[in-house]
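Working notes, structure below.
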Number of protein chains: 2
Amino acid sequence: MTDETPKTGRRASIGARRSPATEAAILAAARDLLAERGYAGFTFEEVARRAGAGKPTLYRWWPTKADLLVDVYSAEKAATVRAPDTGSLPGDLLAYTSALWGFWRDTPTGRAFRGLIAEAQAGDVAQATLRDKFLPGRLKDVRGLFARAAARGDIRSDTIEDLVTLYIGFNWFHLTTGRIEDDAPAITRIALLLAKAGAASSSP
Amino acid sequence: MTDETPKTGRRASIGARRSPATEAAILAAARDLLAERGYAGFTFEEVARRAGAGKPTLYRWWPTKADLLVDVYSAEKAATVRAPDTGSLPGDLLAYTSALWGFWRDTPTGRAFRGLIAEAQAGDVAQATLRDKFLPGRLKDVRGLFARAAARGDIRSDTIEDLVTLYIGFNWFHLTTGRIEDDAPAITRIALLLAKAGAASSSP
DNA sequence: ATCAAACGATACGATCCGTTTCGTTGATAT
DNA sequence: ATATCAACGAAACGGATCGTATCGTTTGAT
């Protein structure tokens with residue numbers, strides 16, 4: 001929990017270097033604003049007002065909205081979705097997907113990610129931020145699930161990358177079209193399909 | 001080709017019903033504006049100005065930007081991307097995906113589709129428009145490809161819907177992350193994976 | 001003849017953008 | 001000790017767009 005309206009007085013400069021207090025206040029305000037108003041109400045103007053910061057300060061450290069969204073996400077990333085280990089690929093995928101969708105639905109950080117996808121469609125710079133600064137870290141967890149399945153011999157290792165792509169695409173598709181309610185049956189079907197797609201040929 | 005700046009005088013009301021001339025002028029102006037300035041410069045203000053129409057008229061028929069984008073996009077895509085019939089599911093998917101990515105890459109309207117996805121993330125109404133008014137129509141072509149494969153006995157018919165979801169997700173993922181260059185090998189691998197995922201069990 | 005609704009024009013208040021100016025603060029280099 | 005430099009918050013800016021309201025005009029439907 002964070003202060004919605006910081007009661008402290010103004011934070012003056014602490015010299016010719018970035019102020020951690022200001023940075024923290026801005027990130028907290030950004031997170032709260034996302035939680036309350038969603039991506040639609042997420043403006044630099046309002047973040048600055050809540051943080052008791054000047055707009056030039058925001059623009060100095062976060063040139064675009066995408067940059068700020070990435071930092072908001074990263075700040076809480078630790079306590080988010082952890083990779084499960086159920087012993088089977090479909091089991092792992094069901095657990096991971098359920099957790100991921102719940103995270104996207106129910107947390108400010110999750111909503112920040114949805115806004116980031118939106119932001120990335122408006123400009124090439126933001127799109128590069130999404131693809132190069134955001135995606136690789138996200139992919140690592142998922143790739144781990146498939147790599148373990150390959151190590152068990154459940155899928156061929158040369159299908160891992162493509163299965164990851166299909167799986168991430170499936171999740172993003174559901175996110176961007178607003179269908180991330182809990183739907184274990186549907187997720188299970190997809191998980192089984194992916195497992196089968198990657199399985200070794202029937203006549204080795 | 002359409003008039004960029006209609007030289008005609010003002011179109012008065014034709015009575016208590018929607019004016020086809022006005023509708024056509026607005027859609028033409030919207031398409032031209034998208035072509036020239038892309039999604040970033042796509043505003044109701046400018047569309048109305050070019051069409052020689054009043055803003056209230058636009059808002060009356062297209063309450064949100066998403067609605068107008070859907071109308072422009074649907075017309076253009078139908079005329080550009082056609083469902084192929086190569087005789088095999090992987091062949092169909094390769095042909096269709098290449099055409100689709102080319103459309104997204106190389107046409108102003110296709111490029112604007114990113115904007116539609118972005119728009120849908122900003123509000124629930126726009127998201128519902130994307131999901132309920134736009135998606136079903138676009139899915140029909142793709143579902144046809146898989147349905148034909150099922151009719152040939154190449155895939156099980158109860159996997160069609162899930163394969164469609166995986167396939168669309170794959171495409172959107174590549175679009176939203178800016179990776180829709182021509183990549184036949186990658187598309188082929190995905191097509192083969194999907195075909196295998198839907199195939200009948202290996203040991204019946 | 002009356003009514004209803006669409007039309008274009010115009011103006012409005014509101015919001016947000018991204019930038020600029022200003023005076024203040026404090027760490028760092030000299 | 002002093003000068004320099006950059007970050008800070010405040011405020012204001014010009015500009016763009018939003019979505020709505022108002023107005024008089026036009027024409028089909030009743």
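The values are calculated or read from the model by the stated rules, or taken from the named source; none is laboratory data. Note that the structure is a prediction, hence the values are computed from the model and not measured. Reconstructed Cβ throughout: ideal geometry from the backbone, glycine too, with neighbour counts over all protein chains shown. Just the protein is used for accessible areas: all its heavy atoms, side chains included, with ligands, DNA and RNA removed. Shrake-Rupley method; radii C 1.70, N 1.55, O 1.52, S 1.80 Å.
See the values below:
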{"quantity": "Neighbour net charge for B:Ser88 - beta-carbon separation under 12 angstrom, K R +1, D E -1", "calculated": "-1"}
{"quantity": "Proximal charge balance of A:Ile180 [Cβ under 15 Å; K/R count +1, D/E count -1]", "calculated": "0"}
{"quantity": "Total lysine pairs whose alpha carbons fall under 25 Å of each other in the protein assembly as shown (8 or more apart, or interchain)", "calculated": "20"}
{"quantity": "The protein assembly as shown: C-alpha pair distances exceeding 41 Å, %", "calculated": "23"}
{"quantity": "For the range B:56-126 versus the range A:20-42, the gap between their alpha-carbon centres in whole angstrom", "calculated": "33"}
{"quantity": "Contact order normalised by residue count of chain A, Cα under 8 Å, 6+ apart, percent", "calculated": "20"}
{"quantity": "With eigenvalues of the C-alpha gyration tensor scaled by 5 and rooted, the range A:19-62, Å", "calculated": "17, 11, 8"}
{"quantity": "Cβ neighbours within 10 Å from other chains - mean over A:154-163", "calculated": "2"}
{"quantity": "Order of exposure, largest accessible area first, which applies to A:Asp32, B:Asp85, A:Asp92, B:Asp141 with probe 1.4 Å", "calculated": "B:Asp85, B:Asp141, A:Asp32, A:Asp92"}
{"quantity": "Estimated FRET transfer efficiency when R0 is 56 angstrom, pair A:Glu23-B:Ala151 (beta carbons, to 0.05)", "calculated": "0.40"}
{"quantity": "Rg and Dmax of the range A:65-198, Cα atoms only, in Å", "calculated": "14.8, 44"}
{"quantity": "Accessible area of the range A:17-142 belonging to carbon and sulfur atoms, whole % at 1.4 Å probe", "calculated": "53"}
{"quantity": "Residue-normalised accessible area of the protein assembly as shown, expressed per residue, 1.4 Å probe, Å²", "calculated": "46"}
{"quantity": "Total accessible surface hidden between A and B, rounded to 100 Å², 1.4 Å probe", "calculated": "3300"}
{"quantity": "Inter-copy separations for B:Arg10, label at 7 Å along Cα-Cβ, nm, ascending", "calculated": "5.0"}
{"quantity": "Copy-to-copy label separations for B:Asp182, where each label sits 7 Å from Cα toward Cβ, in nm and ascending", "calculated": "4.9"}
{"quantity": "7 Å along Cα→Cβ, label-point gaps from A:Ser74 to other copies, nm, shortest first", "calculated": "4.2"}
{"quantity": "Value of [θ]222 nm, deg cm²/dmol, for chain A, DSSP H segments ≥ 4, -39500 (n - 2.57) each, nearest 500", "calculated": "-20500 deg cm²/dmol"}
{"quantity": "Whole-angstrom Cα spans of the range B:89-133 along principal axes, big to small", "calculated": "37, 24, 13"}
